[in-house]
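The values are calculated or read from the model by the stated rules, or taken from the named source; none is laboratory data. Treat the numbers as computed from the prediction; the structure is a model and nothing was measured. Note that each Cβ is placed from the backbone with ideal geometry, even for glycine, and that neighbours are counted across all protein chains shown.
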Amino acid sequence: MKRGLIMKNLAMMFVVSIAIVGLSIRLVAEELPFALTLGGAKPVAGTSFATVPGTVADNAELVLDVDEPMVIINVFPCNEKGEAKEGASPAIIMIQGGKKITIDQTMDKKKLSVGNYIMNIVAGGKTARVMFSVK
């Protein structure tokens with residue numbers, strides 16, 4: 001009888017510990033690998049990507065807390081769920097030897113039009129995925 005109760009308690013402790021580990025992994029996954037602001041706003045962490053609250057101007061300043069010689073940013077138009085539009089080409093932005101840039105400094109010199117975007121910011125082998133809206 002005691003042995004059964006002990007085994008049941010051990011099994012319950014195992015399930016609870018697995019749940020705690022899963023939750024801690026999820027919380028870590030929701031954090032960005034480096035701090036950043038877009039248009040002065042700090043993105044709010046989410047499950048798959050962070051989201052900048054509100055809207056930003058088409059020339060909003062992107063400020064990164066990284067010390068890398070090169071940062072590559074791919075910006076894709078997306079829907080409200082953060083899903084990149086199929087077949088859409090990304091706008092590419094590069095930061096060389098700095099920590100800030102405005103989002104209108106794309107490689108093709110075209111400003112982002114009004115709409116939703118998802119950007120992948122690659123710096124130092126880490127990627128931050130951030131959704132934002134241009135007004």
Hey, T47 at pLDDT 95 or above and either polar (S, T, N, Q) or under 16 Å from the mean Cα position of the chain (by Cα) (or both) or not: no
Flag for G82 being without any contact (Cβ under 8 Å) to a residue 60 or more places away in the chain and more than 18 Å from the chain's Cα centre (by Cα): no
Subset tally (residues that are assigned to a strand (DSSP E or B) and buried (at least 18 other Cβ atoms within 10 Å of the Cβ)) for region 52-62: 2
Search result, residues across region 113-128 that are touching a residue at least 40 places away in the same chain (Cβ under 8 Å) and either touching a Ser or Thr at 6+ places or on another chain (Cβ under 6 Å) or surrounded by 13 or more Cβ atoms within 10 Å (Cβ to Cβ) (or both): Y117, I118, M119, N120, I121, V122, A123, G124, T127, A128
